[in-house]
Structures are given as structure tokens and as C-alpha cells.
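Asker: My questions will all concern the structure given below.
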Amino acid sequence: MNTFGSRLRKLRTERGLTQEQLALEIGVTKGAVSQWELDGNEPEFDSLKIIREILGGSLDDLICGDGTPDSDVAIPSTKELALLQRLRELPAKKRAAVLALFDL
């Protein structure tokens, strides 16, 4: 199961940190980190910001998942974002014509 605790444990171990080391960096007890990883408790928001700084990545990935099957949010590629930007820059008539091609 892809839970907050499992994602936290994965990031922590990928960075080569023990629970105790992470706890010291955050300013909590090792037991608190253990409980988070076991999904017994969740950290306060201030602790989440520190966790993000230490482990990298985004809070969204840590809290909600990283695009695995239980996440239904698609992250657009660089090319898709560039295409969207170019579409937005078109004059209204041309933009409407492009959208009509896709039946939107």
C-alpha cells in the first residue's frame, strides 16, 4: 500500500538517513518518526515543511503520492506546457479554430 508512512520511509532510506537522524533534523523524537512511518500519527505542517527541505521533492508527492495508481492527477510534460502556452498566445479566432479541430 502506498501510504504517507511508506513514502516517508522510502525517501528517508533513499537519502541514507536513520529515523534518529531525521528526527534530530526535524526536532522531534525518533518515536515520532517511527509512528509517522507506521501511519500511527501524522506530522504537523511545520514538520512537513522541514521534511520536504531535508528529503527533497514536493509536499504533494509526500502527502498524496507520486503519480502511482492511487493518484489521478496527471502532470503535464514540458512539451505539453509549451503547447498550452502557444495556444494561449494565439488570437481568439485562431485559438477557437484549433480547439474546434479537437472538438473542444
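The values are calculated or read from the model by the stated rules, or taken from the named source; none is laboratory data. Everything numeric here is computed off the predicted structure, so don't read it as measured data. We place every Cβ from the backbone using ideal geometry, glycine too, and count neighbours over all the protein chains shown. Surface areas here come from the heavy atoms of the whole protein model, side chains and all, with no ligands, DNA or RNA. Shrake-Rupley method; radii C 1.70, N 1.55, O 1.52, S 1.80 Å.
Asker: Accessible surface of GLU42 in the full protein assembly, 1.4 angstrom probe, to the nearest 10 Å²?
Answerer: 150 Å²
Asker: Nearest 10 degrees, 0 to 90: what angle lies between the long axis of helix 4-14 and the longest principal axis of the chain (Cα atoms)?
Answerer: Here the helix axis deviates by roughly 80 degrees.
Asker: Which net charge results for the neighbourhood of LYS94, defined as the other residues with beta-carbon distances under 14 angstrom from its beta-carbon, given Lys and Arg at +1 and Asp and Glu at -1? Mind showing how you got there, number by number?
Answerer: Working: positive: ARG86, ARG88, LYS93, ARG95; negative: GLU89.
Result for the neighbourhood of LYS94: +3.
Asker: Assigning unit charges at the beta carbon (Lys, Arg +1; Asp, Glu -1) and nothing else, what dipole magnitude in debye, to the nearest 20, does the chain show about its Cα centre?
Answerer: Details: 14 positive and 17 negative charges, 136 e Å.
Roughly 660 debye for the chain.
Asker: Out of the total accessible area of the chain (probe 1.4 Å, heavy atoms of protein only), what percent is carbon and sulfur? Before the final figure, lay out each step's value.
Answerer: On the way: 4300 of 7690 Å².
Reported share for carbon and sulfur atoms: 56 percent.
Asker: Would you mind getting the accessible area per residue of the range 8-64, heavy atoms of the protein chains only, 1.4 Å probe, in Å²? Write down the numbers at each step before the final one.
Answerer: Values: 3510 Å² over 57 residues.
I get 62 Å² per residue for the range 8-64.
Asker: Against the longest alpha carbon principal axis of the chain, how many degrees, from 0 to 90 and to the nearest 10, is the axis of helix 78-89 turned?
Answerer: 40 degrees
Asker: Sticking with this structure for a sec: For LYS93, which lysines qualify as cross-link partners when the Cα separation must be under 30 Å and same-chain residues fewer than eight apart are set aside?
Answerer: LYS79
Asker: While we're looking at this one, here's another question. For the chain, with the dipole built from +1 on Lys and Arg beta-carbon atoms and -1 on Asp and Glu ones, taken about the Cα centre, which of LEU101, ILE54, SER6 lies farthest toward the positive end?
Answerer: Of the options given, the answer is LEU101.
Asker: Sort LYS93, LYS49 from largest to smallest accessible area, using a 1.4 Å probe on the heavy atoms of the protein chains.
Answerer: On the way: LYS93 180, LYS49 80 Å².
My answer, sorted largest first, is LYS93, LYS49.
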